[in-house]
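Take a look at the structure below.
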Amino acid sequence: MEYLQKIKAGSQLDEMEMALKKGAQAMTSLVKDFDEQIQTMVQNQEIALQSIKDLRQSVEEQLNKLQKDVTDKLITLFKEEKGNMEASSRQCERLMNSILNTLKSSVTAAEENNTIEAIVLYQRGQVEVESCKALVTEMSTSFMSVTINHHIDPRLVTLSDEAMGKIVIERQRRRFPGDLDYLTVPLSERRVKEIGKFNVKTLSDKTNCLIRGVVYLPYKQIILSDFNNQKLKLFTDKGQYLDELTIRGDPCDLCLVNNNTVAVAVTSPGGVRVVKVEDSKLSLSSEINMPNGKDCFGITHTDGRFIVGTDGEDVYSVTQDGATELLYKYNYICHCLTHDPVKGDTLVSVSNIKRHTDVMKVGVVRDVTGIDVDREGNIYVCGYSSRTFVQMSGDGTRVRELLTSSEGIYSPRAICIRGDTFVVTSVCFKDQDNYVRVFQLY
């Protein structure tokens with residue numbers, strides 16, 4: 001009773017009651033949110049099932065049309081060849097009957113000592129023999145057997161695994177309901193810890209690596225652009241080597257196009273290389289060359305087009321077919337670009353961060369290279385010369401150093417963040433050239 005009176009007097013009961021109400025409200029919001037997500041998934045499943053049925057019907061209709069076309073062509077060709085052979089056969093048959101009649105009549109005329117008839121038949125026989133020779137000569141030039149078959153290309157007979165489409169699960173991070181924000185710690189207030197470090201130099205590399213671009217794929221794989229060895233390299237986020245692809249030109253910045261496609265800006269020759277990532281393998285999808293021959297350094301993808309920074313200190317919009325449009329001109333080369341999904345902006349790294357105005361505080365970093373944006377709109381910046389790695393708010397008013405040279409960060413070059421995890425590459429120190437490091441905000 002004394003303890004109860006004490007917590008009543010100190011308002012702990014009221015506070016606990018309020019906390020329980022908030023907890024119940026939070027759980028109610030989550031239950032409601034999960035119910036809505038399940039209902040959405042059910043609707044998506046129904047739509048997908050109907051889509052599969054519609055595709056099956058469409059395929060059957062196309063197959064029926066293809067069958068009719070092939071059948072009609074077979075019948076037409078058969079009738080044509082059969083008619084040609086029947087015409088030749090009738091021609092031979094007529095000449096054969098005429099020759100047999102002449103032969104029979106000649107024998108009769110000789111037996112009956114019919115002089116005039118025998119001479120006429122002899123002359124007619126000469127004509128028919130010449131006609132027979134001429135016909136045989138004519139037919140010998142085009143005489144052949146005709147076989148009508150149905151030839152099958154094995155590549156077209158067996159339907160591929162993707163002929164009926166494929167089931168794709170796309171995961172996109174979504175925000176908690178608004179009344180749960182107090183339960184989560186913002187990324188801007190979390191600490192940093194290193195969770196991985198691995199060597200990215202492969203057996204076929206001829207020199208030390210210079211990693212100038214990195215993409216952290218949604219399925220725990222990391223793609224790196226190795227400028228020195230002219231390659232893209234694919235690893236798991238645990239450091240397991242998966243594949244590599246030699247690129248025409250010197251690969252620089254990387255960007256994500258969709259869950260299984262990336263693009264890399266290249267120099268010498270300047271342009272964009274689009275690369276597919278499927279079954280832990282890299283394959284070149286397309287090459288886009290800059291019509292003005294400019295080298296490309298930074299790159300990002302938004303609204304179905306690429307935004308690239310070139311050696312002319314220019315930023316261009318580049319479409320898939322290579323059409324370009326000048327968007328902005330800076331005083332320095334644009335080494336890296338990224339897209340802010342929160343505000344819809346494209347951020348460009350030159351000597352500082354650019355939106356519409358400068359937002360980087362003077363003296364925090366020097367020589368910005370890699371940049372990226374997290375789901376909350378925080379911007380992450382690699383300070384190449386200052387040997388710092390910082391996080392700042394989208395408007396630049398809050399800046400904090402996440403990593404410095406004291407944590408082994410030497411001249412950070414590229415950054416990519418996924419959720420609460422990010423990858424950083426460094427250059428300039430030989431023992432660092434071939435390594436990338438993975439960190440977590442916790």
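The values are calculated or read from the model by the stated rules, or taken from the named source; none is laboratory data. Quantities reported herein were computed from a predicted structural model and do not represent experimental measurements. Note: ideal-geometry Cβ built from the backbone for every residue, glycine included; neighbour counts use all protein chains shown. Accessible surface areas use protein heavy atoms only, side chains included; no ligands, DNA or RNA. Shrake-Rupley method; radii C 1.70, N 1.55, O 1.52, S 1.80 Å.
Computed values, structure above
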item	result
Kirkwood-Stokes translational diffusion coefficient of region 383-442, alpha-carbon pairs, 10 °C, 1.306 mPa s, µm²/s	132
Fraction of alpha-carbon pairs over 28 Å apart in region 1-154 - percent	69
Full-extension gain in nm, THR404 to GLN57, via 0.36 nm per residue minus C-alpha separation	118.9 nm
Surface/4 estimate of mean projected area, convex hull on alpha-carbon atoms of region 66-157, nm²	8.2
Translational D in µm²/s for region 221-281 (Stokes-Einstein at 37 °C, 0.692 mPa s, Kirkwood Rh from C-alpha pairs)	284
From the C-alpha gyration tensor of region 24-95, square roots of 5λ in Å	69, 5, 4
R0 of 25 Å, Cβ-Cβ distance ASN208-TYR330: FRET efficiency to nearest 0.05	0.25
Estimated translational D of region 94-144 in µm²/s (Stokes, Kirkwood radius over Cα pairs; 25 °C; 0.890 mPa s)	207
Hull-based mean projected area of region 183-317, where the convex hull spans the alpha carbons, in square nanometres	10.2
Gap separating the Cα centres of region 260-284 and region 106-131, nearest whole Å	88
Under 5 Å, built H, 5+ apart or other chain: amide partners of LEU210	PHE227, ASN228, ASN229
DSSP H segments from the chain that extend 24 Å or more along their own axis, Cα-based, with Kyte-Doolittle mean of -0.5 or above	115-140
For the chain, with +1 on Lys and Arg beta carbons and -1 on Asp and Glu, the positive-most of THR147, ALA24, ILE288 along the dipole	ALA24
Anchor LYS329: lysines whose Cα lies under 17 Å away (excluding residues fewer than 8 positions away in-chain)	LYS294, LYS354
Relative contact order (percent, whole number), the chain, Cα cutoff 8 Å, 6+ residue spacing	10
Helix-only mean residue ellipticity at 222 nm for the chain, each DSSP H run of n ≥ 4 adding -39500 (n - 2.57), per residue, nearest 500	-11500 deg cm²/dmol
Amide H contacts under 5 Å for ARG413, placed H, 5+ residues apart	THR425, SER426, VAL427
Two-site label geometry, ARG94 and SER385: point separation in nm, points 7 Å out along Cα→Cβ	10.0
Distant-in-sequence amide H partners of LEU402 (H built 1.01 Å from N, under 5 Å)	PHE389, VAL390, GLN391
Cα-based Kirkwood hydrodynamic radius, region 60-114, one decimal, Å	15.0
Distribution of pairwise C-alpha distances over region 1-43, 10 Å bins, in %	27, 27, 20, 14, 10, 3
Protein accessible area in the chain, 1.4 Å probe - carbon and sulfur %	53
Over the chain, volume per residue of the alpha carbon convex hull, in Å³	263
Residue pairs, from the table LYS32/LYS53; LYS193/LYS276; LYS193/LYS238; LYS53/LYS73, whose Cα atoms sit over 20 Å apart	LYS32/LYS53; LYS193/LYS276; LYS53/LYS73
Alpha-carbon Rg with Dmax, taken over region 202-244, Å	10.0, 30
Inter-part distance where region 312-339 and region 1-33 are each reduced to a Cα centre, Å	56
Region 270-286 - phi-based ³J(HN,Hα) in whole Hz, Karplus 6.51/-1.76/1.60, Gly and Pro as x	x, x, 10, 10, 9, 10, 8, 10, 9, 6, 6, 10, 9, 8, 6, 9, 7
Anchor LYS22: aspartates and glutamates whose Cα lies under 20 Å away (excluding residues fewer than 8 positions away in-chain)	ASP14, ASP33, ASP35, ASP179, ASP181
